[in-house]
1. Considering only the range 153-162, state which residues are loosely packed, with under 11 Cβ neighbours inside 10 Å and at pLDDT below 75.
2. Among the residues of the range 109-118, is there at least one that is outside any loop (DSSP other than H, G, I, E, B), β-branched (Val, Ile, Thr) and closer than 15 Å to Val45 by Cβ?
3. For residues that are out of contact with any strand residue (DSSP E or B) (no Cβ under 8 Å at 6 or more places or on another chain) and either loosely packed, with under 14 Cβ neighbours inside 10 Å or outside the structural domain of Ala227 (by TED's automatic domain parsing) (or both), scanning just the range 169-192, find the one that is nearest to Ile266 (Cα to Cα).
4. Taking the range 72-101, which residues are touching a residue at least 24 places away in the same chain (Cβ under 8 Å) and aliphatic (A, V, I, L, M)?
5. Would a scan of the range 121-141 turn up a residue that is within 49 Å of the chain's Cα centre (by Cα) and of a type in the set (Asp, Glu)?
6. Return the pair list, or none, for Cβ contacts closer than 9 Å from residues in the range 33-61 that are under 17 Å from Lys111 (Cβ atoms) and among the basic types (Lys, Arg) to residues that are at pLDDT 90 or above and crowded, with 18+ Cβ neighbours inside 10 Å, at least 6 apart or on different chains.
7. It is to be established whether one or more residues within the range 232-248 are closer than 13 Å to Tyr174 by Cα and either surrounded by 13 or more Cβ atoms within 10 Å (Cβ to Cβ) or of a type in the set (Lys, Arg) (or both).
8. Considering only residues that are β-branched (Val, Ile, Thr) and assigned to a strand (DSSP E or B), look in the range 263-303 and name the one that is nearest to Gly186 (Cα to Cα).
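The values are calculated or read from the model by the stated rules, or taken from the named source; none is laboratory data. Remember, it's a predicted structure, so these values are computed and weren't measured experimentally. Ideal geometry is used to build each Cβ from the backbone, glycine not excepted, and the neighbour counts take in all protein chains shown.
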Amino acid sequence: MSVKKSIPMQSNADNISGAKAASDALKKNEERLLNLQMDLMNGYVFVDMNGIVRDSNKVYQQMTGYTAEELSHLTYFDLTPAKWHDYEQNIVQDQILPNQHSKVYEKEYIKKNGTVFPVELRTFLLISEAGEREGMWAVVRDISERKQAEEALRQSEEKFRRIVESSPTAMYFYHLEPGGRLILTGANPASDIIIGISHTSMLGKTIEEAFPSLADSDIPDIYRKVARNELGPQSFETGYADERFDGYYYVHVFRTGQDEIAVDFIDITARKQTEEALRHSEIEYRDTLDSLPDWIYVVDKDYKIVMVNAEMKKELIRQGLTPDCRGSDITQNFPFISQQAIREIELVFSTGVLNTGEQTLRLNGKNLYTEFTSAPIFKDDKVEKVILMIRDRSREKEMEEMKRRNAEQKEMLLREIHHRVKNNLAIVISLLDFQLKNNNNGTLARMIIDIQMRIRSMSLIHEHLYRSEDLDQIPLASYLESLAYMVATTFGAYRIKLVQDLDAMDSSIEIALPIGLIINELLTNAFKYAFPGQASGEIHLLLKKVEDKGYSIVVEDNGIGLPLTATMDSEKSLGLYIVGLLVEQISGTLEIVRNNGTSFHITFPEIQPRRRNEA
């Protein structure tokens, strides 16, 4: 007889409830996996505990170059270079198995075509309902582009570091802490050489601790304002002295990041000593002229008086005239100049030869017999001024010898001044040429040539300044015309036509200098890049007075056009970056038009500097 075994109703209910929970869990797990597979941004792969690929999404398949069928015959060891096997096994043992997941880590994959590429992934352990390890699934991301960007950034930083370390100018780097402490964080080798102190002993110190003599100056405050972006880049000359070193330096401080600045400086002690010697020489020159009993004055090419000595001033007062006769035209009834003297001055300007003669002056109803001497004053091998000396021949004979000695002394002083000026120019030219000739680096050579062009543009402005009748003004159109010719000649522009339309106007040196540098940069870029190969074209340079808007400069070409990546705020485009800074310096605005070439439109409000209270 068979006996039926009775099953309790509560047991059946528990079985049904457990089956439903398992079904719900399985459904949620399937939904989670489905969502992962549908993720178009990341790859998904599932492997069993032997590492064999059991499932993957399309992103993962495209990433590796394999089909789903091909992947099913591979393990993650097959997809991973051998050098990563031990590393990944350690992650499995130390993270995934005990924690059921790993942290985000990086490794490399091998594509079907053999290409190795970097990936970032996180792996999770899949546990069955029975508590058994069914496999591992991972979210995988191709980070090739990020790695390339990181490498490019590393190379850029390495290049910057090499430039800073190899720079012949000294550089200090500071960080501004929230409390206002300006901390020295680094320096380049040149800084140790220039001041003779290792910067390592000053790292982590405030600027006042590192350089105690600056504590009572406004320099630390200037640095802090630049670091906070309250001031733009600042340049100045300053002396420094403490028990360790002393000297005079040209300093340029600029912001390199949030609360970060770099201080670039060069030792100009020798230059300052030369300038001081020249200043003393000029003082001695004037003192010498004032000490002479002769009537002495200096005229420029327009026959206007630019200087008179003390004895001449006394005589002017005796004649009832104003002693400050600077600017007076000697051809307009000046009582101490005859028509004969004017002709002799013209001869000195044309020949550069000292001239001596005699003339009779009619003063206060009396004839005064004098000896008239006119001597040239040279600048750049050209007669810029003529110094005139009038001596009363009615004086005792012993004054003749004094005249001879004084004349020789004055001639020596003039020659010395001329020699100093000529040597200063020769030194600059020789140093640049020497550097260029002894350099085999093409990039550095191009940089030196660019620097030469910038120096020549500044040198050219001084040449025009000394030619002008007013030492504070320069004929801007003439200067820009000479500058454009110099740039065109430098780059051999036989296939490029330079068209100029320049309105005549006078400018102060404070405005003309940055304008010259701007034109130099824009013309140089146009000649170098606008017409590649043997292409021909035109470059136009315009200078106009614009009503209600001040002044306008246009530099345009019909070349290949400026790349869209070239912007004024990019320090990688150094020339354009310089142009942007210079336009700001003259309170101007700049518009770049890219249409059948490139056109730079610059407008600025004035060509004369504002008075100090307005600025």
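1. Selection gives Glu157 alone.
2. yes
3. So, considering only residues that are out of contact with any strand residue (DSSP E or B) (no Cβ under 8 Å at 6 or more places or on another chain) and either loosely packed, with under 14 Cβ neighbours inside 10 Å or outside the structural domain of Ala227 (by TED's automatic domain parsing) (or both), the one nearest to Ile266 (Cα to Cα) is Gly180.
4. Listed by number, the residues that qualify are Leu79, Ile91, Val92, Ile96, Leu97.
5. no
6. Partner pairs satisfying both residue conditions: Lys58/Gly43.
7. no
8. This residue is Val263.
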